[in-house]
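The block underneath contains the structure these notes are about, expressed in structure tokens.
What follows is calculated from the coordinates using simple rules that are stated; it is not laboratory data. If you're wondering where the values come from, they're calculated on a predicted model, not measured in any experiment. FYI the Cβ positions are ideal-geometry reconstructions off the backbone, even for glycines, and counts take in every protein chain you see.
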Amino acid sequence: MSEDGLLRRILPHLPGGTGTLIGPGDDAAWLALPSGRALICVDVMVAGVHFKPEWCSGADVGWRVAMANLADIAAMGGHGTALVVAVTAPPDTDPAWFEELAVGLSEACGPLDVGVVGGDLSSGPVLSVAATALGEVTGAGAVTRGGAKSGDVVALAGATGYSAAGLACLSAELPGHSADRVATPGSSCASASHQTSSCASASESQTEESRVQRQLAGLAEANEGLDEGRSPEEQNPAIQPGPTDMDAATPLRGAQHDKGSGHPADRAAISQNDDGASLRHDDGANPRHDGEVSPQTAAMQQAVQAYRRPAPPLAAGPAAAQAGATAMIDVSDGLLLDAGRIAAASGVDLVLDPAAPALAGPADSLADLAKRLGVNPLDWVLTGGEDHALLATFPGGAVLPAGWSGIGHCMAGPGRVRLLGNHQPASAGWDHFA
């Protein structure tokens, strides 16, 4: 099929957005920016690095690349206005895959009034999708990573660990995980690309093989290393032990607000089941015969859905900015790694408490899956990426906005992360080039 033929299949699916003056079809899009200033970010997904054909559809890839970008905009305190997308694909790529990609972009962007206003198509040896997002900030201005101060509260919006758990389930091929991608509700093209061109992300920044090795083998080796007496600093210089005058029972400033935000029930997008079965929890360990599933299977399906269709708390970013957040970041590479980026940019230490409800809740919810895979669930919560939760700091004593939960505080230091308690993960998160 020709490039023009592909465009005729793709363009009808793309949302316009109310700020779009000229959309796809010309050499450039023309957008109305009421503020006169734009936020710009970009994310790329490459086959064999970020997604794997047998795990999810082209629509999922479209959703994922859109949400990765829009979470970055939200982390600056803004809201997305438009997306442009560039696709490189081998010439024999099924045309249905391109159409499904467009459907996923529409499903992600349309309800948010974010226009997909243009892009580029090119042939190449490897399939890749790169998206650039534009956004705006209203109010005082953009929130950066560098404004945290000693005494600030560290807070989280959204949940971490579920996407990493979903990846681990898919990688381990657990029964009931529905590795063969089925149609996602709202996708008109899922069945078309299901057979030959469905795709799945294998992590924000890693191949499936390296991810599986770390999650299913490396963590066990790291735990053995701790038992052998190696200090947490030796195993992971990015993570420092907590101060000697503090412990995991230390009350958190701001931790009382929105204690349930880390629970899967608070994540609307992962309440959808892949095969349409009810996700009502029961006490049975085996699949039921009345169309329902066991709690173990439901948890697995929720995790896989979080992996395929992350649900960033996009509205929490502007809300944090309006509430006076001093620093903020999208958690895409792991909570500890991204917390370290705030710490380094701000020149303060971030002290995090794994016992905080927003962290302990997801860990408890994922405990059965983690036990089945031989993983500590805190490793998923503390180091797993691609849930695209938001991490921010607020002035001490501030009332946290809705959706935010305290998980620690800032203190004077050289710009490191200090983790309370005895568990020290082997890695802070994922780094493409480490």
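What shape does region 20-96 have by the C-alpha gyration tensor, where a ≥ b ≥ c are the square roots of the eigenvalues, rounded means a/c under 1.5, and otherwise prolate means a/b greater than b/c and oblate the rest?
Cα axes put region 20-96 in the oblate bin.
Using the Kirkwood radius over C-alpha pairs as Rh, can you work out the diffusion coefficient of region 362-434 via Stokes-Einstein at 37 °C, viscosity 0.692 mPa s, in µm² per second?
My calculation gives 221 µm²/s for D.
Can you pull a Stokes-Einstein diffusion coefficient for region 392-434 at 4 °C (1.567 mPa s), Rh from Kirkwood over Cα pairs, as a whole number of µm²/s?
The estimated diffusion coefficient comes to 95 µm²/s.
For ASP113 and VAL44, compute 0.36 nm times the residue count separating them, minus their Cα-Cα distance, and round to one decimal in nm.
Stretched fully, the ASP113-VAL44 segment lengthens by 22.7 nm.
Roughly what % of Cα-Cα distances in region 297-434 sit above 28 Å, to the whole percent?
Result: 16 percent of Cα pairs exceed 28 Å.
Would you grab the residues whose amide H sits under 5 Å from the one on THR81? Only those 5+ places off in sequence or on another chain, please, with H modelled 1.01 Å from N.
Amide H to amide H, under 5 Å and 5 or more residues apart or across chains, THR81 pairs with LEU134, GLY135, GLU136.
Among the GluC sites (Glu not before Pro) within region 50-156, which fall in a DSSP loop and have no more than 15 other Cβ atoms within 10 Å of their own Cβ?
GLU54
Just to confirm the filter: which chymotrypsin sites (Phe, Trp or Tyr not before Pro) across region 338-434 are DSSP coil and have at most 11 other Cβ within 10 angstrom of their Cβ?
Qualifying residues, ordered by number: PHE433.
Rounded to whole Å, give me the distance from the Cα center of region 86-130 to that of region 323-345.
Cα centroid of region 86-130 versus Cα centroid of region 323-345: 30 Å apart.
What does the charge count around ALA131 come to, taking other residues whose C-beta lies under 12 Å from its C-beta (Lys +1, Arg +1, Asp -1, Glu -1)?
Net charge in that neighbourhood comes out at -2.
When N counts the residues of region 95-135, how does its alpha-carbon radius of gyration compare numerically with 2.2 N^0.38 Å, as a ratio?
1.27
Sticking with the crude label model, points 7 Å out along Cα→Cβ, report the distance from LYS371 to SER122 in nm, one decimal please.
So the two model labels end up 5.1 nm from each other.
Along region 142-155, what does the Karplus equation 6.51 cos²θ - 1.76 cosθ + 1.60 (θ = phi - 60°) give for ³J(HN,Hα), rounded to whole Hz, x for Gly and Pro?
Here the 3J(HN,Hα) series is 6, 9, 9, 7, x, x, 5, 10, 4, x, 5, 7, 9, 9 Hz.
Taking R0 as 51 Å, what FRET efficiency do you get between ASN422 and ALA140 from their Cβ-Cβ distance, rounded to the nearest 0.05?
For R0 = 51 Å, the calculated efficiency reads 0.80.
Report Rg/Rh for region 1-132, rounded to two decimals, where Rg is the Cα radius of gyration and Rh the Kirkwood radius.
Over the Cα atoms of region 1-132, Rg/Rh equals 0.95.
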